[in-house]
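Below you'll find the structure, written out as structure tokens, and then a few comments.
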Amino acid sequence: MSDTLGQCCKREKWDDVRRLIEEGCNVDEPFSNAQYVPLHYVAKHGLVDIAGMLIERGCNVNAIAKDMSTPLHLSVKYHRKDMSLLLVSSGADILALNQDDETPFFEAPWHSMVFPCLVAPAHAKIAASIQASVDLQSSNLSLRHQVTSLQRRIAEWQARAFDTRTRLLDSVKHREAIEEHIVELNQTICVTEGHIATHDAALAALRLDQATCESLVVETAQATIDKQEEYHARCNELVAVKRDVALVDAELSVVRTHIQDKCETVACIAKLVANERLHEHSSRALRILCRDADMRRKLVQNDLIPTLLVGLDRYPKHVTIQMDGVATLCHMIAATGTFPAVHMQRMVYTVSSALVVLRSAVAVDYATDTTLAALDAFVQFAVDAAVGTSSLSATLNLIRAM
């Protein structure tokens, strides 16, 4: 069984370490009780070439061992200057703390470790930065002189161009003004000539109109006489129309009185609920009257809906009353598309009870296509009116059973 990369590093088999790294083994695998990764061993022994191979393959330069030490701790501890420079330049954390809360350079000698590893690279970077700043300032100064010279030349050319453009625009405007004045004069001449021709034509027309007016005066006199006669005839017609209007108003009054009598009669029907036989006939009469839109409106105004609901609730076993009442309610919804919300819930329960009676009745066959279509329309209206589904479930079941 071959050794792992960590075992080879601990046993200092550096040729095997190079071979295993090139073969692509795990470069961050911890080994031994100290939990060192291969970079810990390499940093400890200062093998810069192997460390470079590990870093190229993406090893963690800040890997932490069991004692919280990093490869940089070991490199500085064993005075591996080149290794420390490589680790610092590769991103090693110089402020990482071990289990004793010590940074890598905590007790490192100044001249052999701290200065070459930390201070000297910083000095080099600062010097390079200063030189780059000086070069940049020198370049900026040269460019600024060039820009100033170009701006001065541009300003001179702009001033010359402005003067030339101003003179050119003045000449163009003067020429345009002259051309506009010429056009206006030509238009004025044309208008004047037109006015002269118009005046001549008007004068000729006036002479012609003089003769025409003289003949019109004669015709107007005759027309005036004719209009007077026509006016008297229209006055006579107006008197006749007013007389006819008075007759129509009298007839309308009679019709209104007749309708009022009918509505009072319907209001009396609501008082017949106490007698079953009379209420049966009144239900049939209301069903017939509701087919007329005007009568339906007047019946609703005279509490038709409460009367129907009271009769249906009072005589739940009377098939004819239940059939006429349900038919009248469904017809009202189909004809008007609306129903008073205050009676909606009560109507749902009343219709449901009536359907139970009509389904069990053997004297009549209520399950016709017309009645079922009316009941479907009623259920759809109740659903649109937001009546609870639980309230409509009994009605739906009865319709399906029919």
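Find, among the trypsin sites (Lys or Arg not before Pro) in the range 62-164, those assigned to loop by DSSP (not H, G, I, E, B) with at most 13 other beta-carbon atoms within 10 angstrom. Let's see the in-between values first.
Numbers: sites: K66, K77, R80, K81, K125, R144, R152, R153, R160; in loops: K66, R80.
Taking the range 62-164 and a limit of 13 other Cβ atoms within 10 Å, the loop trypsin sites (Lys or Arg not before Pro) found are K66.
Loop-only chymotrypsin sites (Phe, Trp or Tyr not before Pro) in the range 1-97, please: DSSP not H, G, I, E or B, and at most 15 other Cβ atoms within 10 Å. Present the calculation step by step, with values, prior to reporting the outcome.
Working: sites: W14, F31, Y36, Y41, Y78; in loops: Y78.
Counting only loop positions with at most 15 other Cβ atoms within 10 Å, the chymotrypsin sites (Phe, Trp or Tyr not before Pro) in the range 1-97 are Y78.
Once you have the alpha carbon radius of gyration of the range 17-90, what is it after dividing by 2.2 N^0.38 Å, with N set to its residue count?
0.98
Can you tell me what percent of all Cα-Cα pairs in the range 138-217 are more than 22 Å apart?
For the range 138-217, the share of Cα pairs beyond 22 Å comes to 67 percent.
Evaluated at 4 °C with a viscosity of 1.567 mPa s, what Stokes-Einstein diffusion coefficient in µm²/s does the range 179-222 have when Rh comes from the Kirkwood expression over alpha-carbon pairs?
100
Sticking to Cα atoms, compute the Rg of the range 1-42 to one decimal and its Dmax as the biggest Cα-Cα distance, whole number, in Å.
When restricted to the Cα atoms of the range 1-42, Rg and Dmax are 9.1, 26 Å.
Here, each number is a calculation from the coordinates, and none is a lab measurement. Computed from a predicted model, the values in this text were never measured in an experiment. Glycine gets a Cβ as well: all are built from the backbone with ideal geometry, and neighbour counts include every protein chain shown.
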